[in-house]
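Participant: What follows is a structure written as structure tokens; I'll ask about it next.
Just so it is clear, none of the values below were taken in a lab; they were calculated from the coordinates. Because the structure is predicted, anything quoted here is derived from the model rather than measured. Quick reminder, even Gly has a Cβ in these numbers, built from the backbone with ideal geometry, and neighbours come from all protein chains shown.
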Amino acid sequence: MFEPLNKSHAISETVFYFEFPNIQTTTLNAMLAAYPKVKDYFPRNDQMPGMVFEQSGSGFSINQVPGAEWKHFKPDGNPDWIARITPNSVSVHCLEYTRWTEVWPKAFEILSHIFSGTAKHVIPLMNVGLRYVDQFNFSGDVKKYSALDLIRKDSPHVAAKILQDGTKWHNYTGWFERSEPLGREVLQQLNIDAIEQADTNLPIVSITHASLLRASSAGELENFRRLDDINTSDVAKFMEIAHANNHQVLREILTDNILQRINLGVEA
């Protein structure tokens, strides 16, 4: 039998992320200056300097640039929220998911503070995305393992052969879908990993799904790093669509029984 990681959902991590070419030190410092505004969310501030490779007339050079990882911890000492600022990305990670209407507004507020001091900075956005990781643990007699107890037989996203090949398998795919509200294509990436726990040898299936926008020209996604209003910002519109995409993909992968258990039944 497969069990979702949590009682009402299987989400182990939700990631809101923005990816750039190398961010200049002045811009990184402007982002890091937001920490006093979010320190109540992240009592721990770990410096995480990075390295960037730069080319000049005299050749290549490697330079150290600032970065940070901000964390909030659960009573058991494990992190439940993390924010990372690196030379190539800004990301907010929720590792204790409750519901979208709680998680997204908090992530939006954190990100809005991080980007608030960079309005006049040139930092071409390459990708913006939302990633979910769902985990399902198998319990019971491994001899009775069947991936079809978790994955619907007719799923368009999973190769039929691997559903019959034991407890260890992988399924990676990606496709573009047109989003009319955004007026552009959204790339959906799907990675499914079936492994065995090192200590118990019991199978685990992790489903990692991301919806993202990719820039094909400089400045194309510039508006998506403007987090002025959660009701009107382009990035907010995208995140709502990406959230809905995740639900749709899971409905196309998981059996009806599992969908009911994680509150994603047909009527949900």
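Participant: Using the Cβ atoms and a cut-off under 11 Å, what net charge is assigned to the surroundings of GLU252, where Lys and Arg are +1 and Asp and Glu are -1?
Facilitator: +1
Participant: Nearest 10 degrees is fine. How inclined is helix 234-253 to the longest principal axis of the chain, computing both from alpha carbons?
Facilitator: Long axis of 234-253 versus the principal axis of the chain: about 20 degrees.
Participant: Give me the one-decimal nm value for the distance between modelled label points at THR232 and MET51, 7 Å along each residue's Cα-to-Cβ direction.
Facilitator: Label at THR232, label at MET51, 4.6 nm between them.
Participant: Hey, another quick one. Just want the answer: with Cβ charges of +1 for Lys and Arg and -1 for Asp and Glu, which residue in PHE20, ASN191, PHE60 is farthest toward the dipole's positive end in the chain?
Facilitator: Going by the Cα projections, it comes out as PHE60.
Participant: Which shape class, rounded, prolate or oblate, goes with the range 115-268 when its Cα gyration tensor gives a ≥ b ≥ c as root eigenvalues, a/c under 1.5 marks rounded, and past that a/b bigger than b/c marks prolate?
Facilitator: Cα axes put the range 115-268 in the prolate bin.
Participant: Same structure again: In terms of Cα to Cα distance under 17 Å, which aspartates and glutamates are near enough to LYS161, apart from those fewer than 8 places away along the same chain?
Facilitator: The reachable aspartates and glutamates, counting only those whose Cα sits under 17 Å from LYS161, are ASP149, ASP193.
Participant: Using +1 at the Cβ of each Lys and Arg and -1 at the Cβ of each Asp and Glu in the chain, identify which of PRO49, LEU182, LEU163 lies farthest towards the dipole's positive end.
Facilitator: PRO49
Participant: Give the total of Lys-Lys pairs in the range 22-123 with Cα-Cα distances below 23 Å; include a pair only if its members are 8 or more places apart or on different chains.
Facilitator: 9
Participant: Tell me, what HN-Hα J-couplings in whole Hz come from the Karplus equation 6.51 cos²θ - 1.76 cosθ + 1.60 at θ = phi - 60° for each residue of the range 209-226, using x for Gly and Pro?
Facilitator: 10, 10, 10, 8, 9, 10, 7, 9, 8, 4, x, 4, 9, 3, 5, 7, 9, 9
Participant: Treating only the Cβ of Lys, Arg, Asp and Glu as charged (+1, +1, -1, -1), what charge dipole size does the chain show about its Cα centre? Round to the nearest 20 debye.
Facilitator: So the dipole magnitude of the chain works out to roughly 180 debye.
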